[in-house]
Amino acid sequence: MSKLAFEVQGRGPGLMLVHGTGSTPAGTWGPCIAELAASHTVLAALPGSGDSALPDDAELNTGEIASQMADVAAEAGRDRFAIAGASLGGPIAVKVAAMFPERITHLVSVCGFARPRAGLRLRQEIYRDVLPPGAASVGRVLLLFGLTEEAAAQIPEEMFQDMIGLVGSSPSPRTRQQIALTLAIDVEADLALVWAPSLIIAGVLDRTGPFNGLIRHAATGPAEGGCHPIGVTGMGESSLFGRRLWFAPVLGTAPEGTRIPVMHL
């Protein structure tokens, strides 16, 4: 796999942001990046996105990606760093935390998963098969399969149209390879190796990365600082990312205490 390119902003404690399939750092994290960069060295990367080119026949390997991300942090002068992953970035962040426990200060998974269950597999297979008909068409298809009727009914029309553009934003040239990684990834065994304080965020109504997908880790994981799930009521993944700015405080701070919070947005 070719060298991993990365974006860097700000100065302070290291924070690695891993975006999701077919997205970009700005597409996934939006205004969070600038807010976090005021107090952190923010690093963002994912193979197949931005300047991280891949050969047409390249297969993405989770362990290799994790090693590259650790190397990127070291190159930026951050031997210890926090890591936050969204969607596909969630299990990648878990893999980094499991492989390099001495280097990770805390872990955040936003709408992540340990392995793709039936609904996520179906959504990703359809995503792969409809590429590339245009951003709006992709956005509508992904929202159709990602939102429950209850979640969709709670979203104002203007926000819904914004979400179509956000979710269907122009895929990266190697989105198909990222989809293949999503279908193959499995970090369930790695959960027991994560010792960093961990925070799991998911929409309670999310069909893509169900809230209960990583709850076993929250209940039984060995994380020294605890593993804390946050359920965002009334929301699925797409609507959760429509309100991204509230992520910034929790991304940059290690979770503390034992209370299991549920956020109402």
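The values are calculated or read from the model by the stated rules, or taken from the named source; none is laboratory data. All values derive from a computational prediction rather than experimental measurement. Because the Cβ atoms are built from the backbone with ideal geometry, glycine has one as well, and the counts that use them run over all protein chains shown. Areas reflect the complete protein model, heavy atoms only, side chains present, ligands, DNA and RNA absent. Shrake-Rupley method; radii C 1.70, N 1.55, O 1.52, S 1.80 Å.
Summary table below
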item	result
Selection from the stretch 70-96 of residues that are among the hydrophobic types (A, V, I, L, M, F, W, C) and under 14 Å from the mean Cα position of the chain (by Cα)	82, 83, 84, 86, 88, 92, 93, 94, 96
Any chance residue 155 is in a loop (DSSP other than H, G, I, E, B), more than 21 Å from residue 189 (Cβ to Cβ) and either at pLDDT below 80 or open to solvent by 40 Å² or more (accessible area, probe 1.4 Å) (or both)	yes
Single match in 117, 80 (criterion: open to solvent by 10 Å² or more (accessible area, probe 1.4 Å), within 30 Å of residue 195 (Cα to Cα), modelled with pLDDT of 90 or more and not aromatic (Phe, Trp, Tyr))	80
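Residue-by-condition table, conditions (1) at pLDDT below 90; (2) within 19 Å of residue 10 (Cα to Cα); (3) surrounded by fewer than 18 Cβ atoms within 10 Å (Cβ to Cβ); (4) of a type in the set (D, E, K, R):
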{"residue": "43", "(1), (2), (3), (4)": "no, yes, no, no"}
{"residue": "47", "(1), (2), (3), (4)": "yes, no, no, no"}
{"residue": "54", "(1), (2), (3), (4)": "yes, no, no, no"}
{"residue": "74", "(1), (2), (3), (4)": "no, yes, yes, no"}
